[in-house]
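The block underneath contains the structure these notes are about, expressed in structure tokens.
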Amino acid sequence: MKHGITLDNPHLWSRVLRTVACALALAGCGGGVESGGTGAPVFASGTITGFGSIVVGSVHFDDSRASVTDADGGARSRDDLRLGMSTEVRGAAIGTDAAGTPVSVATSIVFGSELLGRLTAIDRAANRIVVLGQTVDIGAATVFDDASVSGGPAALSVGDVLEVYALFDAATGRYGATRIERKTGVTSFVLRGPVTRLDTGAKAFTIGSERVSYAAFAGTLPAGLANGAFLRVRLSTVQVAGTWVVSALSDGVQRPLDRDEVRLDGRVSAFVSATRFSVDGVTVDASAVNPNGVALGVRVEVEGTASGDTLVASKVKVKSEAESEGQDFELRGSVASLNPAASSFVVRGVTVVYSGATTEFKNGTAANLAGGVSVEVRGKLSANGTQLAATRITLR
């Protein structure tokens, strides 16, 4: 009988090497790595809630060496990533830094919006808009692009073409916006959501309120095309006889694919029971944890392992609407520009505003702020969603 671990098995050898590489990479992020990491690759899906490394699902991912692409497969840069964007991140094992923060090194990042289309209606009293026929809720955690929509919701006008990053609420059929940008020069629209009223004979289906035809689509159809399946469709900008025409069509779900660590932050998009449901199109088996409060449309954070296309949950946390709307954002980085007169500065493309009455300073004061100074910022969005109102600024 042999004792200990042998490395005769090439798969085991590969796993050991990967574990060591992950540990070394995480150590380079700052702080040591604790034994919480499995040594296996991680998949995380959710909204970007911070920068320094990007923060998705409470994990800080070092994005300095990651490949970044959009949902159409186009090569992009980490500088294209913004607060509120919907992302899928693959990376090294999750460890912890010296402060106990979950950290990983991202190997790939994919970001994509749920809607790109024309704004056709605004209900300012209800904080709702209609984009590409879909009702979109605007909340306290909706980020507005400061460059294209500098006035926030008040700056929107019917006829604008908007790109909306959002969480789809299957219980209401509405989209909860996490980020909104105004676009120009758009040659096609985008719609992502669950399929209903599929007619394979007529080659048409419905997403939300909109009828979509794929009769002229010459590409390969997703294998899982069926009612309830999440699709991402690119559409012509003009309807034909009240129907949108598909120019590109793909599976709208990023699959975890046998990852040993998976984290999802999203809404329950299909519900069979508290132990069998889907989050943003990903099937979850929660029989090991039997959570309370899970229902269609509820926002959840799920952790576990992926077996095929199914996430086997080890933890399910139900997030209240108040918790979702009270989202804290965080930034780590160097001050790129400073405007003392406006009590503001910019870190990684985000304008931060501070106040002597509401902002706590650590390791210094506002007088110590200057270009190039390293800071950590926590805060909530300003009233119009275009800036980060700092509650705490730590100078490094």
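Couple of notes before you dig in:
- Comparing Ala126, Ala370, Ala241 in a Gaussian network model of the chain (Cα springs below 10 Å), the most mobile by mean-square fluctuation is Ala241.
- For the chain, averaging the sequence separation of C-alpha pairs within contact (under 8 Å, six or more residues apart) and dividing by the residue count gives a relative contact order of 12 percent.
- FRET efficiency for Thr394 and Arg276, using Cβ-Cβ distance with R0 set to 30 Å, rounded to 0.05: 0.10
- Normalised per residue, the accessible area of region 161-233 is 41 Å², obtained with a 1.4 Å probe and no contribution from ligands, DNA or RNA.
- On a per residue basis, region 269-391 carries 46 Å² of accessible surface, using protein heavy atoms and a 1.4 Å probe.
- Region 180-245 shape via C-alpha gyration tensor axes, a/c threshold 1.5: prolate
- Amide H contacts under 5 Å for Thr135: Tyr175, restricted to partners 5 or more places along the chain or on a different chain, H placed in the peptide plane at 1.01 Å from N.
- Helical contribution to [θ] at 222 nm, DSSP H n ≥ 4, -39,500 (n - 2.57), averaged over the chain, rounded to 500: -2000 deg cm²/dmol
- Charge dipole (Cα centre; +1 on Lys/Arg Cβ, -1 on Asp/Glu Cβ; no other charges) of the chain amounts to roughly 180 debye.
- Cα gyration tensor shape of the chain, rounded if a/c is under 1.5, else prolate or oblate by comparing a/b with b/c: oblate
- Surface composition of the chain: carbon and sulfur atoms hold 51% of the protein heavy-atom accessible area at a 1.4 Å probe.
- Packing-based order for 303-311, 215-223, using average beta carbon neighbours within 10 Å, highest first: 303-311, 215-223
- Of the residues Asp258, Asp146, Asp123, the one that moves most in a GNM of the chain with alpha-carbon contacts below 10 Å is Asp123.
- Rounded to the nearest 20, the Cβ-based charge dipole of region 94-198 about its Cα centre (Lys and Arg +1, Asp and Glu -1) stands at 360 debye.
- Long pairs among Lys203/Lys315; Lys319/Lys380; Lys315/Lys380, criterion Cα-Cα beyond 29 Å: Lys203/Lys315
- Sorting 269-277, 90-98 by their mean Cβ neighbour count within 10 Å, with the most densely packed peptide first, gives 90-98, 269-277.
- Region 199-218 versus region 253-328: alpha-carbon centroid distance in Å: 29
- Farthest positive-ward along the chain dipole, Cα basis, beta-carbon charges - from Phe271, Val190, Ile129: Val190
The values are calculated or read from the model by the stated rules, or taken from the named source; none is laboratory data. Fair warning: this is a prediction, and the values are worked out from it, not measured in the lab. Every residue, glycine as well, gets a Cβ built from its backbone with ideal geometry; the counts of neighbours run over all protein chains shown. Each accessible area value is taken on the protein alone, full model and side chains, heavy atoms only, with ligands, DNA and RNA left out. Shrake-Rupley method; radii C 1.70, N 1.55, O 1.52, S 1.80 Å.
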